[in-house]
Amino acid sequence: MINLIVAIAENNAIGIAGDLLCHLPNDLKHFKEITTGATVVMGKNTFFSLPRRPLPNRRNIVLTTDTEFTYENTEVAHSIEQLYTLLNEEEEVFIIGGGKVYEQFINAVDKLYVTHIHHTWEDADTFFPEIDPDTWQCVSTQRNEADEKNPYPYTFAVYTKK
Ligand SMILES: NC(=O)c1ccc[n+]([C@@H]2O[C@H](COP(=O)([O-])OP(=O)(O)OC[C@H]3O[C@@H](n4cnc5c(N)ncnc54)[C@H](OP(=O)(O)O)[C@@H]3O)[C@@H](O)[C@H]2O)c1
């Protein structure tokens with residue numbers, strides 16, 4: 001099963017200057033709960049944006065064309081074809097970003113875990129592709145209001161292929 005997990009703002013933005021759009025501790029907790037114990041696949045930029053890397057208690061695989069890339073407790077794939085040779089069928093896999101990687105996987109994954117952040121960042125520089133309503137159906141939503149620690153309202157949504 002290949003899943004994708006992402007936090008998207010209202011203008012489809014996902015990143016700014018190599019970082020996330022905002023700090024939403026409840027979303028980080030949600031991400032940890034969903035991905036712990038699974039395999040996470042990410043692009044090199046996302047890997048180096050992580051404050052703590054590799055992500056603990058998960059199998060970490062980094063996509064890069066850099067044949068010199070090595071990092072402790074981290075696997076590397078130099079192409080999507082090579083990535084698939086590293087995965088086995090019963091493994092739970094999450095594509096965790098960033099923009100370049102999401103673009104290549106949106107049509108290949110089975111399920112999307114999307115946190116919709118109800119705010120717009122005009123100066124964002126990285127975006128998520130359109131979630132095509134002809135392809136994806138939203139099967140669950142859970143809206144959460146802003147609070148003292150989480151500055152914007154957000155909705156946890158799950159999409160499956162129609
Ligand atoms: N909102 C969210 O949920 C979320 C999640 C993750 C990331 N982000 C944000 O997204 C931004 C980073 O995204 P990004 O688009 O700049 O970079 P990225 O997708 O994280 O990484 C891109 C790099 O990955 C490697 N790569 C990608 N596809 C590959 C392939 N098929 N084969 C081999 N290597 C491949 C390439 O590295 P080489 O150049 O070394 O070949 C490429 O330059 C940051 O702002 C980050 O905070 C947001």
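The values are calculated or read from the model by the stated rules, or taken from the named source; none is laboratory data. Since the model is a prediction, treat every value here as computed from it, not as a measurement. FYI the Cβ positions are ideal-geometry reconstructions off the backbone, even for glycines, and counts take in every protein chain you see. Heavy atoms of the whole protein, side chains included, go into the accessibility calculation; ligands, DNA and RNA do not. Shrake-Rupley method; radii C 1.70, N 1.55, O 1.52, S 1.80 Å.
Annotation note: Cβ proximity below 8 Å between a residue of region 70-93 that is open to solvent by 70 Å² or more (accessible area, probe 1.4 Å) and a residue that is at pLDDT below 95 and not basic (Lys, Arg) (sequence gap 6+ or interchain) occurs for Glu92/Met1. Evaluate the following for Tyr84: is it within 16 Å of the ligand (Cβ to nearest atom), on the phi < 0 side of the Ramachandran plot and in contact with a Cys (Cβ under 8 Å, 6 or more places away or on another chain)? So Tyr84 fails the test. Pairs are defined by a Cβ separation below 9 Å, a sequence spacing of at least 6 or placement on different chains, a first member in region 50-69 that is in contact (Cβ under 8 Å) with a residue 12 or more places away in the chain, and a second member that is among the acidic types (Asp, Glu) and in a loop (DSSP other than H, G, I, E, B); the pairs so defined are Pro54/Glu72; Arg59/Glu91.
Only one of the listed residues (Thr46, Thr65) is in a loop (DSSP other than H, G, I, E, B), within 12 Å of the ligand (Cβ to nearest atom), open to solvent by 20 Å² or more (accessible area, probe 1.4 Å) and not basic (Lys, Arg). That residue is Thr65.
The set of residues from region 22-43 being among the aliphatic types (A, V, I, L, M) and either in contact with a Leu (Cβ under 9 Å, 6 or more places away or on another chain) or open to solvent by 70 Å² or more (accessible area, probe 1.4 Å) (or both) comprises Leu28, Val40, Val41, Met42.
Per the listing Lys29, Lys100, the residue uniquely without any contact (Cβ under 8 Å) to a residue 24 or more places away in the chain and either more than 16 Å from Asn3 (Cβ to Cβ) or not in a helix (DSSP H, G or I) (or both) is Lys29. Here is a check on your reading of the model: is Glu72 within 11 Å of the ligand (Cβ to nearest atom), outside any helix (DSSP H, G or I), modelled with pLDDT of 95 or more and more than 15 Å from the chain's Cα centre (by Cα)? So Glu72 fails the test.
Take the conditions assigned to a loop (DSSP other than H, G, I, E, B), open to solvent by less than 60 Å² (accessible area, probe 1.4 Å), at pLDDT 95 or above and among the hydroxyl-bearing types (Ser, Thr, Tyr) and apply them to Thr115. Does it pass? Answer is no for this residue. Output yes when any residue across region 119-137 is buried (at least 19 other Cβ atoms within 10 Å of the Cβ) and in contact (Cβ under 8 Å) with a residue 40 or more places away in the chain, and no when none is. Checking region 119-137: at least one residue is buried (at least 19 other Cβ atoms within 10 Å of the Cβ) and in contact (Cβ under 8 Å) with a residue 40 or more places away in the chain.
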